[in-house]
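Only the coordinates and a few stated rules stand behind these numbers; no lab work does. Computed from a predicted structure; not experimentally measured. A quick note on method: Cβ atoms are made from the backbone with ideal geometry, for glycine too, and the neighbour counts reach across all protein chains shown.
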Amino acid sequence: MQINWGIIGCGDVCEVKSGPAFNIVPNSKLVAVMRRNATKAKDFAERHGVPKFYSDANDLINDEAVNAVYI
């Protein structure tokens, strides 16, 4: 089974610590990120090859492609 992760809070710590690791682990993929600032969320997503970004946590939580959420 593939774990499709969504991250709520893709700030500075996520940038270097946890964010890149999601795509390294077998059967794990980062598919969405959320940050209250949509411009910063989009920037993170583009730089890390994440297909979706949100500025509202509910949108990420309700995304059918996401089956696990990291906060």
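What to note about this one:
- Built amide H within the under 5 Å cut-off of Ile7, gap 5+: Ala32, Val33, Met34, Tyr70
- Couplings 3J(HN,Hα) for the stretch 54-60, derived from phi with the Karplus relation 6.51 cos²θ - 1.76 cosθ + 1.60 (θ = phi - 60°), are 9, 10, 10, 4, 4, 5, 5 Hz, where x marks Gly and Pro.
- The chain: relative contact order in percent, alpha carbon pairs under 8 Å with at least 6 residues between: 40 percent
- Dipole check for the chain: with +1 at the C-beta of Lys and Arg, -1 at the C-beta of Asp and Glu, and the Cα centre as origin, the magnitude is about 140 Debye.
- 15 Å tail of the calculated P(r), the chain, as % of Cα pairs: 44 percent
- Charge tally for Ile3 (other residues, Cβ to Cβ under 15 Å; Lys, Arg +1; Asp, Glu -1): -1.
- Karplus-based coupling profile of the stretch 64-71, in residue order and whole Hz: 5, 6, 8, 10, 7, 10, 10, 10, with θ = phi - 60° in 6.51 cos²θ - 1.76 cosθ + 1.60 and x standing for Gly or Pro.
- ³J(HN,Hα) computed for each position of the stretch 28-43 - Karplus, 6.51 cos²θ - 1.76 cosθ + 1.60, integer Hz, glycine/proline x: 9, 8, 8, 10, 7, 10, 9, 8, 4, 8, 4, 5, 6, 5, 4, 4
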